[in-house]
1. Taking region A:6-22 as the search range and keeping residues that are closer than 21 Å to residue B:130 by Cβ and more than 7 Å from chain B (Cβ to nearest Cβ), which one is surrounded by the fewest Cβ atoms within 10 Å (Cβ to Cβ)?
2. In region B:137-188, which residue that is part of a loop (DSSP other than H, G, I, E, B) and more than 9 Å from chain A (Cβ to nearest Cβ) is farthest from residue B:49 (Cα to Cα)?
3. Specify the residue that is farthest from residue A:52 (Cα to Cα); the eligible residues are those in region B:19-35 that are touching a residue at least 24 places away in the same chain (Cβ under 8 Å) and surrounded by fewer than 21 Cβ atoms within 10 Å (Cβ to Cβ).
4. Quick check on region A:37-49. Is at least one of its residues surrounded by fewer than 10 Cβ atoms within 10 Å (Cβ to Cβ), at pLDDT 90 or above and more than 7 Å from every other protein chain (Cβ to nearest Cβ)?
5. Restricting attention to region B:58-87, and to residues there that are more than 23 Å from residue A:47 (Cα to Cα) and within 11 Å of chain A (Cβ to nearest Cβ), which single residue is surrounded by the fewest Cβ atoms within 10 Å (Cβ to Cβ)?
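The values are calculated or read from the model by the stated rules, or taken from the named source; none is laboratory data. Treat the numbers as computed from the prediction; the structure is a model and nothing was measured. Reconstructed Cβ throughout: ideal geometry from the backbone, glycine too, with neighbour counts over all protein chains shown.
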């Protein structure tokens, strides 16, 4: 069985055993001695903490602000998204039309299916060859508004 | 479910200890040190190789942690923060002192003494292996140890040391290669 290149390499039991044997065992007495030394050395710093006035730590400001900032940010994002979707676009005919995205729009759904068919097969559902030209379209961008399932040659 | 509850209780207890240490309570600091001193000494020995240097490093790391405890968020686990601090302090010490590596004094360690069954060849392998181990860069030595002995994944090691997984793998590859050579030497 081959190993995946991103997998961790197999452990080497012989190497592990050699490392274990070279490790100096730690005694509880040694732990206690080190701990006592650390606490003794720290007593001055701890005493200073008890007497010094303490400011608020940075993370408590973060925690407080996140309660307000997160909902506000979310609301702003939703409002911005709604504005973008409702912005009028110029359709080239001189009249302004509102573009609205509607998930249950059957017409839009049918167009999407037809477009997918053209993209996949290069023909319309009726078998008309050359319909994929509608996908490439002309340079003026008008092809974006054409119906890809009809030919207009 | 019980394990999760235990872990949550432990975390809550540790959080309380950290808050008390932030307030300067000696007993809380003592308890916090007690909880981590064994593991800290173990990691420090792998990093420093010399037992006395290792214990000095543990002391230095705990005192540094105390100095910076206000910047630590008690809602997070203390261990990873502390061990990262300890490892960085150890690497700093190596850089500053350009540690003169000495042969580790192991006369007091029964498990590393050659047993009556160990012949001269085994003793020689042991000597060479220890020398190769001492020659490894400190971070590399720690990584090989954590991988081979503690059974941590490269991802876990990377997270605990604050380095990338690629870095861990690189060190692991080179460290294992050097140690395997030392082990294989006398088998030819």
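1. The qualifying residue surrounded by the fewest Cβ atoms within 10 Å (Cβ to Cβ) is A:13.
2. Of everything passing the filter in region B:137-188, B:188 is farthest from residue B:49 (Cα to Cα).
3. So the residue we want is B:19.
4. Yes, region A:37-49 has at least one match.
5. By that ranking, first place goes to B:75.
Here is a yes/no grid of residues against (1) over 20 Å from the mean Cα position of the chain (by Cα); (2) within 9 Å of chain A (Cβ to nearest Cβ):
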site: B:6; (1), (2): yes, no
site: B:10; (1), (2): yes, no
site: B:24; (1), (2): yes, yes
site: B:36; (1), (2): no, no
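Table: residues versus (1) in a helix (DSSP H, G or I); (2) modelled with pLDDT of 95 or more.
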{"site": "B:12", "(1), (2)": "yes, no"}
{"site": "B:16", "(1), (2)": "yes, no"}
{"site": "B:46", "(1), (2)": "yes, no"}
{"site": "B:59", "(1), (2)": "yes, yes"}
{"site": "B:83", "(1), (2)": "yes, no"}
{"site": "B:89", "(1), (2)": "yes, no"}
{"site": "B:99", "(1), (2)": "no, no"}
{"site": "B:104", "(1), (2)": "no, no"}
